[in-house]
Amino acid sequence: MALLELNRVSKSFTHAKGALRVLEDISFSVEEGELVAIVGPSGCGKSTMLRIINGLMPATSGQVLYRGRQVDGINRECALVFQSFALMPWLTVKANVELGLEAQGIAPAAREKRANVYIDKVGLDGFEEAYPRELSGGMKQRVGLARALAVEPRVLLMDEPFSALDALTAITLREELLDIWQARDMPVHTIIIVTHIIEEAVELADRILVLSTSPGRLVADLKVDLPRPRDRRNEGFNALTDKVFSLIEERA
Amino acid sequence: MAVAAILALFFEYKRHAPVLRGPHLSVSARNLPYYAFCSFYRMLAAYALALIFSLVYGPTAARSRAYERVMIPAIDIAQSVPVVGFFPAAIYFFVALAHGSRLGVELAAIFLIFTSQAWNMALGVFEAIRTIPQDSIEALDAFGAGGWLKLKRLLLPACVPKLVYNSILSWVAGWYYLIACEIITVGPAHYRLPGLGSYLMEAADKGRSGELIAGLAALLAIIILMDVIVWQPLSTWAEKFRYEFAATSEPIRSLGMLEALGAVGPGITRAVRSVLIPIVNSIHRAQRATPPFNPAAYPILVRAGKALRVAAVGSVLLLTVYGLVSGVAALIRTLMQPWPAEVKRIPAATIASMLRMIAAYAISLAWTVPCAIYASESPRFARRLAPIAEIVGSVPATALFPLIVIFVIHVTGGMNLASILLILTGMQWYLLFNLLAGASQIPADLKEASRSFGLSRFATWRKLTLPAIVPSLLTGSITAWGGGWNALILSEYFVYRSKTYQVFGLGAMLDDATYRSGNGLMILLTLLSMVLVVVLLNRLMWRRLYDVATERYRMDY
């Protein structure tokens with residue numbers, strides 16, 4: 001049984017002048033341990049899809065199955081990482097990381113211990129008492145990552161996590177993300193990452209799902225067989241990047 | 001100190017002001033259009049003055065740090081002065097100035113409304129110009145765009161959203177004080193000002209409930225029409241000039257049945273624009289057509305200009321010095337009078353009034369905070385509440401004063417509850433509007449994060465909603481207390497069927513001195529204690545809290 005399965009999911013938003021179809025008839029499944037990238041032009045509904053998977057919003061039709069059970073409401077075995085980081089500006093790094101743990105009703109002492117573990121893991125040791133506004137963009141996203149990892153989810157959902165960062169910071173964070181994904185002591189083995197940066201998808205993912213725009217349809221499901229660690233100058237890397245690019249371009 | 005001098009100067013004129021009985025007020029629905037017109041034209045006149053003032057004052061203050069350091073604190077002080085308390089003084093001053101004609105009372109009312117409108121508009125213009133992104137200024141400078149083009153393409157457009165928004169607030173405040181002025185003139189003062197306020201008061205006093213309701217309906221109609229025909233289209237138009245690229249700007253200003261009427265609005269906006277744009281353009285063209293004027297080529301003009309400037313600055317300086325000297329002299333003369341025994345009761349009265357203010361503030365908080373929290377959870381509720389609250393909140397509470405007081409006096413026999421209720425009407429809307437604005441600005445991704453991590457409702461309030469609305473709670477509180485002090489003056493002393501109802505407090509003391517004993521010294525001292533309390537509260541409590549809050553609960557992340 002697949003860990004996660006989307007079955008003919010559609011989503012439309014109603015507004016004053018009728019309905020806007022965002023996603024149409026999306027079906028795919030994700031196995032435990034996979035790193036799946038969803039790419040598409042802006043406005044193709046890929047972020048909406050991530051929110052449907054997390055249970056933040058319901059699908060208009062179709063179903064999302066998690067371990068064979070229909071997702072209804074927030075799926076607590078997923079954790080979401082935001083493009084804008086979405087940290088509470090008035091909470092310290094530690095309090096932000098503890099947010100999800102507090103919601104689970106974990107006792108303060110255990111909470112603190114676990115938060116510290118993940119703050120160390122993302123390399124923010126020593127910044128526990130800092131406020132988000134005192135940190136650089138890359139460090140803020142490390143907090144966002146630590147906050148998501150701290151709840152020890154089965155699936156990590158990432159919505160354009162490195163798009164708001166400068167290119168060099170993004171490269172470092174991508175490498176760190178791969179390290180975390182491959183580390184045996186981490187509970188999270190499955191990652192779904194939404195991005196519009198094609199190279200990012202090719203560098204990270206086992207599989208790339210390509211979406212078209214208005215309405216968002218699944219146009220390709222590509223397996224990435226390039227050996228890790230991947231080199232951007234590699235011929236296969238470039239060939240795949242070109243392929244994804246042309247897939248998106250011909251649908252746009 | 002300056003306030004004291006101005007006050008004393010005002011009261012100096014009292015001796016010259018002849019007692020003036022205004023026109024007879026007939027309470028009949030037939031005369032209602034006339035009264036409505038009287039009130040409306042006062043509002044319009046005051047607003048026009050406030051607009052000109054803000055367009056001169058704001059840009060000037062934004063020109064340099066040195067100007068800002070003087071001009072912005074001056075506005076701060078002006079804002080914290082309870083305007084209503086100055087009305088009797090203003091009447092004496094303007095009536096004397098107008099040689100005892102009725103025009104003086106009119107001028108006093110317009111002046112008072114002006115003071116309730118001008119400050120926040122001027123601040124709005126100042127802030128708008130100050131927050132223009134440096135890039136935009138540099139872009140125009142790089143094209144070599146000069147003064148007029150810069151004004152037309154950058155400075156004025158940048159002011160539009162803030163100016164329109166603050167104009168709406170200013171009209172709400174203006175109505176409040178206009179009605180207050182008119183009520184005061186019917187009540188204890190010796191002047192009459194025909195208008196909706198005086199009509200309402202007179203109708204209430206004579207127990208004519210039908211006419212009272214007709215008057216309230218007329219007022220409500222004017223306010224709703226203004227909102228639908230002028231303010232809604234203007235705010236939509238003003239949206240074009242915003243700098244932010246806010247993604248989640250759902251239209252909250254729409255009220256089904258009024259939409260049809262709203263269609264009239266864009267037409268009017270278009271008409272206004274079709275008149276204004278040619279004027280602006282022709283000035284621009286004319287300015288471009290004339291060769292660049294080089295004053296250096298005409299030495300006489302240069303010298304004349306210099307002389308003129310020296311003369312202007314000199315005369316302003318002289319006038320200021322004269323005003324200050326005579327003000328201080330008047331102050332000293334007033335203070336030299338024997339101090340009445342009542343002075344000793346001022347501290348106790350201040351405490352009594354403070355307690356009433358705190359009670360009203362607590363009641364306001366008790367319903368507005370839950371409202372804001374609920375609005376942050378349910379966009380639907382927020383969408384429905386906003387237009388209703390806007391209409392209800394823009395009805396000047398002063399218009400309901402006669403009704404409330406008479407009702408409460410009949411029920412409880414005393415003024416205490418009525419007084420708290422009246423202060424409440426002056427406070428609650430500022431809190432509600434600020435809190436709703438704060439709640440609507442909570443970023444969607446923070447809400448999503450709280451939900452995604454499974455925060456309970458209570459935990460979301462604690463971690464997200466409440467911290468996020470703290471800055472707007474404080475802004476709202478500061479304005480609410482400002483409104484409260486004004487309402488206090490009106491609320492502790494009430495004349496109904498030639499019987500005076502009053503409670504023990506600073507406002508009542510001020511009114512008593514103004515209307516009954518006419519003791520200039522007492523008026524001066526009570527007003528000064530009020531200003532002192534307001535300024536101290538602002539400096540020692542609100543400002544500090546606000547600084548801490550904006551530092552800690554700012555929405556940058």
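The values are calculated or read from the model by the stated rules, or taken from the named source; none is laboratory data. None of these values were measured; they are calculated from a predicted model. With ideal geometry, Cβ positions are generated from the backbone for all residues, glycine too; neighbour counts draw on all protein chains shown. All accessible areas refer to the heavy atoms of the entire protein, side chains included, with ligands and DNA or RNA removed. Shrake-Rupley method; radii C 1.70, N 1.55, O 1.52, S 1.80 Å.
Working only within segment B:348-364, note down all residues that are within 21 Å of B:ILE469 (Cα to Cα) and open to solvent by 50 Å² or more (accessible area, probe 1.4 Å). Spell out the reasoning first.
Within segment B:348-364, the subset within 21 Å of B:ILE469 (Cα to Cα) is B:358, B:360-364.
Listed by number, the residues that qualify are B:ILE358, B:ALA362, B:ILE363.
If you go through segment A:68-77 and keep only what is more than 11 Å from chain B (Cβ to nearest Cβ) and β-branched (Val, Ile, Thr), you end up with just A:VAL71.
Just wondering, is there one or more residues in segment B:22-40 that are modelled with pLDDT of 80 or more, of a type in the set (A, V, I, L, M) and either buried (at least 16 other Cβ atoms within 10 Å of the Cβ) or under 19 Å from B:TYR165 (Cβ atoms) (or both)? Checked segment B:22-40: at least one residue is modelled with pLDDT of 80 or more, of a type in the set (A, V, I, L, M) and either buried (at least 16 other Cβ atoms within 10 Å of the Cβ) or under 19 Å from B:TYR165 (Cβ atoms) (or both).
Would you be able to say whether some residue in segment B:469-482 is in contact with a helix residue (DSSP H, G or I) (Cβ under 6 Å, 6 or more places away or on another chain), modelled with pLDDT under 90 and open to solvent by less than 10 Å² (accessible area, probe 1.4 Å)? Taking every residue of segment B:469-482 in turn, at least one turns out to be in contact with a helix residue (DSSP H, G or I) (Cβ under 6 Å, 6 or more places away or on another chain), modelled with pLDDT under 90 and open to solvent by less than 10 Å² (accessible area, probe 1.4 Å). Screening A:CYS44 against (1) free of Cβ contacts under 8 Å to residues at least 60 places away in the same chain; (2) open to solvent by less than 20 Å² (accessible area, probe 1.4 Å) leaves a single unmet condition, (1).
Quick check, is B:MET509 within 17 Å of B:ARG345 (Cα to Cα) and either part of a helix (DSSP H, G or I) or not aromatic (Phe, Trp, Tyr) (or both)?
Yes.
Taken over segment B:42-67, the criterion of being assigned to a helix (DSSP H, G or I) and without any contact (Cβ under 8 Å) to a residue 12 or more places away in the chain is satisfied by B:LEU44, B:ALA48, B:ILE52, B:VAL56, B:THR60, B:ARG63, B:ARG65, B:ALA66, B:TYR67.
Residues in segment A:67-89 that are open to solvent by 10 Å² or more (accessible area, probe 1.4 Å) and under 16 Å from the mean Cα position of the chain (by Cα): A:ILE74, A:ASN75, A:ARG76, A:GLU77, A:GLN83, A:SER84, A:PHE85.
Looking at A:ARG232, A:ARG217, A:ARG207, just one residue is basic (Lys, Arg) and loosely packed, with under 14 Cβ neighbours inside 10 Å, and that residue is A:ARG232.
Considering each of A:LEU23, A:LEU80, A:LEU50 in turn, give the residue that is within 14 Å of chain B (Cβ to nearest Cβ), assigned to a strand (DSSP E or B) and either under 20 Å from A:VAL188 (Cβ atoms) or modelled with pLDDT of 90 or more (or both). Steps first, answer last, please.
On the way: A:LEU23 fails: within 14 Å of chain B (Cβ to nearest Cβ); A:LEU50 fails: assigned to a strand (DSSP E or B).
Step by step, each of A:LEU23, A:LEU80, A:LEU50 is checked, and only A:LEU80 is within 14 Å of chain B (Cβ to nearest Cβ), assigned to a strand (DSSP E or B) and either under 20 Å from A:VAL188 (Cβ atoms) or modelled with pLDDT of 90 or more (or both).
Can you tell me which condition A:GLY62 does not meet? The list is (1) within 9 Å of chain B (Cβ to nearest Cβ); (2) over 17 Å from A:THR190 (Cα atoms); (3) modelled with pLDDT of 90 or more, and all the others hold. Looking at each condition in turn, A:GLY62 falls short on (1).
What residue, among those in segment B:400-415 that are open to solvent by 40 Å² or more (accessible area, probe 1.4 Å) and either at pLDDT 85 or above or closer than 22 Å to B:LEU196 by Cα (or both), is farthest from the other protein chains (Cβ to nearest Cβ)? Once the filter is applied, the top-ranked residue is B:PHE407.
Name every residue in segment B:439-458 that is in a helix (DSSP H, G or I) and at the interface with another protein chain (Cβ under 7 Å from one of its Cβ atoms), in order of residue number. It would help to see each step written out before you state the result.
Of all residues in segment B:439-458, those in a helix (DSSP H, G or I) come to B:439-440, B:444-452, B:457-458.
Of everything in segment B:439-458, those that are in a helix (DSSP H, G or I) and at the interface with another protein chain (Cβ under 7 Å from one of its Cβ atoms) turn out to be B:ASP445, B:LEU446, B:GLU448, B:ALA449, B:ARG451, B:SER452.
Among residues of segment B:219-239 that are more than 26 Å from B:GLY197 (Cα to Cα), those with a Cβ under 8 angstrom from a residue that is open to solvent by less than 20 Å² (accessible area, probe 1.4 Å) and of a type in the set (A, V, I, L, M), sequence gap 6+ or separate chain, pair up as B:LEU234/B:VAL164; B:SER235/B:VAL164; B:TRP237/B:VAL164; B:ALA238/B:VAL164. In segment A:90-198, which helices (runs of 4 or more DSSP H) lie fully inside it and hold 3 or more residues that are open to solvent by 40 Å² or more (accessible area, probe 1.4 Å), away from chain B (no Cβ under 14 Å) and under 28 Å from A:ILE248 (Cβ atoms)? By residue number, A:167-182.
Screening B:ALA330 against (1) open to solvent by less than 60 Å² (accessible area, probe 1.4 Å); (2) modelled with pLDDT of 80 or more leaves a single unmet condition, (2). Which of the residues that make up segment B:499-557 are within 20 Å of B:ALA180 (Cα to Cα) and open to solvent by 30 Å² or more (accessible area, probe 1.4 Å)? Those that are within 20 Å of B:ALA180 (Cα to Cα) and open to solvent by 30 Å² or more (accessible area, probe 1.4 Å): B:LYS499, B:THR500, B:TYR501, B:GLN502, B:TYR515, B:ARG516.
Would you check which residues across segment B:200-230 are part of a helix (DSSP H, G or I) and loosely packed, with under 15 Cβ neighbours inside 10 Å and list them?
Keep residues of segment B:200-230 that are part of a helix (DSSP H, G or I), which gives B:200-205, B:209-230.
The answer is B:SER209, B:GLY210, B:ILE213, B:ALA217, B:ALA221, B:LEU225.
Restricting to segment B:494-506, name every residue that is part of a helix (DSSP H, G or I) and within 18 Å of B:VAL405 (Cβ to Cβ).
As a first pass, look at segment B:494-506 and keep what is part of a helix (DSSP H, G or I): B:506.
Hits for segment B:494-506: nothing passes.
Of B:VAL343, B:VAL325, B:VAL310, all but one fail to be farther than 20 Å from B:LEU524 by Cβ and β-branched (Val, Ile, Thr); the exception is B:VAL310. Residues of segment B:374-391 that are closer than 21 Å to B:ILE224 by Cα and touching a residue at least 40 places away in the same chain (Cβ under 8 Å): B:ALA382, B:ARG383, B:LEU385, B:ALA386, B:PRO387, B:ILE388, B:ALA389, B:GLU390, B:ILE391. Taking segment B:65-110 as the range and being of a type in the set (A, V, I, L, M), closer than 18 Å to B:ARG130 by Cβ and open to solvent by 10 Å² or more (accessible area, probe 1.4 Å) as the test, the residues that pass are B:ALA66, B:VAL70, B:MET71, B:ILE72, B:ALA74.
For residues that are among the polar types (S, T, N, Q) and under 30 Å from B:ALA46 (Cβ atoms), scanning just segment B:127-175, find the one that is surrounded by the most Cβ atoms within 10 Å (Cβ to Cβ). Don't jump to the end; show me each part of the working.
If we filter segment B:127-175 for residues that are among the polar types (S, T, N, Q), which is where we start, we get B:131, B:134, B:136, B:166-167, B:170.
Going one step further and asking which of them are under 30 Å from B:ALA46 (Cβ atoms), we end up with B:131, B:166-167, B:170.
Numbers: B:THR131: 11, B:ASN166: 24, B:SER167: 24, B:SER170: 26.
Applying the filter and picking the extreme gives B:SER170.
With respect to the stated conditions, B:TRP485 fails to be in contact (Cβ under 8 Å) with a residue 24 or more places away in the chain, within 14 Å of chain A (Cβ to nearest Cβ) and part of a helix (DSSP H, G or I). With a cut-off of at least 3 residues that are at pLDDT below 85 and more than 18 Å from B:LEU55 (Cβ to Cβ), name the helices (runs of 4 or more DSSP H) lying wholly within segment B:122-199. Qualifying helices (runs of 4 or more DSSP H): B:134-142, B:156-186. Suppose the filter is over 27 Å from the mean Cα position of the chain (by Cα) and within 14 Å of chain A (Cβ to nearest Cβ); does B:ARG552 pass it? Criteria met by B:ARG552.
For segment A:13-23, which positions are touching a Leu at 6+ places or on another chain (Cβ under 9 Å) and in contact (Cβ under 8 Å) with a residue 60 or more places away in the chain? Once the filter is applied, which keeps residues that are touching a Leu at 6+ places or on another chain (Cβ under 9 Å) and in contact (Cβ under 8 Å) with a residue 60 or more places away in the chain, segment A:13-23 yields only A:LEU23.
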